[in-house]
1. How large is the charge dipole for chain B, taken about the Cα centre, if only the Cβ atoms of Lys, Arg (+1) and Asp, Glu (-1) carry charge, to the nearest 20 debye?
2. Where is the GNM fluctuation largest for chain A (alpha-carbon springs, 10 angstrom cutoff): A:Ala273, A:Ala314, A:Ala242?
3. Expressed as a rounded percentage, what relative contact order does segment A:147-229 have, with Cα pairs under 8 Å and six or more residues apart?
4. For the pair A:Ala316 and A:Asp94, what calculated FRET efficiency results from E = 1/(1 + (r/R0)^6), where r is the Cβ-Cβ distance and R0 = 22 Å, to the nearest 0.05?
5. What does the average come to when, for each residue of peptide A:79-91, you count the partner chain Cβ atoms lying within 10 Å of its Cβ?
6. Nothing charged except the Cβ atoms of Lys and Arg (+1) and of Asp and Glu (-1): what's the magnitude of the dipole of segment A:206-342 about its Cα centre? Round to the nearest 20 debye.
7. Roughly speaking, what % of Cα-Cα pairs in the protein assembly as shown are separated by over 50 Å, rounded to a whole number?
8. Can you run the Rg to Rh ratio on chain B? Use alpha carbon positions and the Kirkwood inverse-distance Rh.
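Every number here is computed from the coordinates shown, using simple stated rules; none is lab data. Fair warning: this is a prediction, and the values are worked out from it, not measured in the lab. All Cβ positions, glycine included, derive from the backbone under ideal geometry; neighbour counts span all protein chains shown.
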There are 2 protein chains.
Amino acid sequence: MTRPRSRRGGGRPTIADVARKAGVGAITVSRALREPGRVSEDLRRQIQAAVDELGYVPDPNARALASARAEVFGVLVPSLTNNVFAEVVRGIYDSLSDSPFRIQLGNTHYSGLEEERLLQVFALQRPAALIVAGIDQTPLSRKLLETAGCPVVQVMETGPDPVDMLVGFSHFDGGRTATEHLIEMGYRRIAFIGARMDPRSQRRLAGYRAAMEAIGLFDPRLVTTTPLLSSVSLGRELLRDALAKMPSLDGVFCNNDDIALGVLFECRRAAIAVPKTIGIVGFNDLDMMQAAFPSVTSVRTHRYEIGRRAVAMALAAIAGQRPQQRVVDLGFQLIRRESTAR
Amino acid sequence: MTRPRSRRGGGRPTIADVARKAGVGAITVSRALREPGRVSEDLRRQIQAAVDELGYVPDPNARALASARAEVFGVLVPSLTNNVFAEVVRGIYDSLSDSPFRIQLGNTHYSGLEEERLLQVFALQRPAALIVAGIDQTPLSRKLLETAGCPVVQVMETGPDPVDMLVGFSHFDGGRTATEHLIEMGYRRIAFIGARMDPRSQRRLAGYRAAMEAIGLFDPRLVTTTPLLSSVSLGRELLRDALAKMPSLDGVFCNNDDIALGVLFECRRAAIAVPKTIGIVGFNDLDMMQAAFPSVTSVRTHRYEIGRRAVAMALAAIAGQRPQQRVVDLGFQLIRRESTAR
DNA sequence: TTGTAGGCGTTATCAG
DNA sequence: CTGATAACGCCTACAA
């Protein structure tokens, strides 16, 4: 009597065990689980019973190997701690939590090279879909995305030429709207302050510039930027720099809300009245902008919704339904608050 | 002439291709890649040449299937957007970026049931290591961790009875230290304000209580909590609630920095002097506490370092080196600032 | 040190 | 609608 060869795996039941117990072929079990419609009612019930009794769960690795396709969403973002991307990622996770898809998350650290590297690693898994932040991929990254053989969703921006699908909003318009609001409220010497100027920040700056040039008030000395990572402390420093260059400035459009909060704190510390002497506008509308004193005007963006929408579009594409519109603009919303109410 | 059967996979080179080109057996290629020391210098060079020329990269799914062990770190955190856990996760990602290990990240939403569910899903992959937040797993979760057959690191806390390894600090001590500082600075009617009271927050509260009882000043009416998720806005509301219950309070120990910032804003809006009338202490020491005006005293915790350390310990365990100490206390640091300097 | 044989658990293919 | 057979790409076990 030959001893059954011990399983290398942890002794989990396999599809063969289920098939035996249900009295059918293994492939029928496989089908019953993946395409219930193609298996007769009777067998389906028997198989389900066997699955439940045995506690069978398909092995994702075996499945990926056999089908040359992993049930994985690859997600690439430039930062894990920046609340903006954390919200997008949360939307993605929430949308996928009840699906069979796993998530492979990568942090590019705002680096195109890192993005290329991660894309190559991700491609090895033959993911079911790829979600990447931004539209400024390197040529190699773009080629990797195009040849990935799966739906691709670029998020956070709009643009004319998506690799596949696109969900986001116009940072240029956001920057222009914010600046126009300051102008409308009577501010004139309006500074732009920004840290870690990634492509999206650059476009907000371009929007700011367009608005300022439209009224003939653009001046390069009004622009203060740094490659350093954003933080509230940095906002304080940048305002000091900006004031040193241009002591008469009377408004600030900040690249993001962290910077804006720093600017607000620095104003208070320096006894500069907000909004009377200086008006402040942030970007993203984090919760704290509403809570601040004075509350801070900001451009609300829909990060969580972008994540959800990206998944919905990818899921539809996987199901074979190419969406009518490959580019979705979720827009933004100017939230007027005390910091510009003079 | 039979046509060679087309590969199901995307035509990527396989280990057999490399073996053929290098004139060796497939297994030798496999070994050369995983345990270079066990392959002769000559062959290793030939194989490496073939690998480079072909652009061969091992298929992680096939590898996982054959070895019954995936090169994956499973990571479970209660929130993706809470900066505290985002920092831990960032530390984990940074520590693993140059390793062959992928990361499987799960969001438990502060739910024990979600944690159980995710743990079960993760176990299917036979991960190389598991990192989970907290020490209050459900009995089932704990059993899943114990039988996972891989190193397990619990993070964010200390405790006497780790599943395997543990990296963190004492939230009880942190809460007590924060409270004692307020006492030392002359505050007496010190409130505790906290949102989303997870186990760690509960222990901070216990530390607060211990400090207050030590001087005979504990009063349940000083404690205001809510199950809602933390936010700056919520901090404002909670302070109003706390003042309604106890108008004479003169100090606040906040569960975390978001709440603390909200409390600060509410004080300013209500023209309550800080630190003169009310002293404020936060928890975690986010960057903004130093930038705030007035700057806010907080308990600095080492989240990023916790993530790095957890990975280092897991990596060592994988390499067969059980660490001398299975429990690592990274401590915390009280950072005294203007909000308590009266 | 290297190779041979076989299996890991699942799905694609194609026939019935 | 169902099933037998052959991959998928790699690794473990054992032998040489």
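1. In debye, rounded to 20, chain B gives about 820.
2. With Cα springs under 10 Å in chain A, the top fluctuation among A:Ala273, A:Ala314, A:Ala242 is at A:Ala273.
3. In percent, rounded to a whole number, it is 28.
4. Once rounded, the FRET efficiency stands at 0.80.
5. Averaged over the peptide's residues, the number is 4.
6. In debye, rounded to 20, segment A:206-342 gives about 180.
7. Considering the protein assembly as shown, 20 percent of its Cα-Cα pairs are separated by more than 50 Å.
8. 1.15
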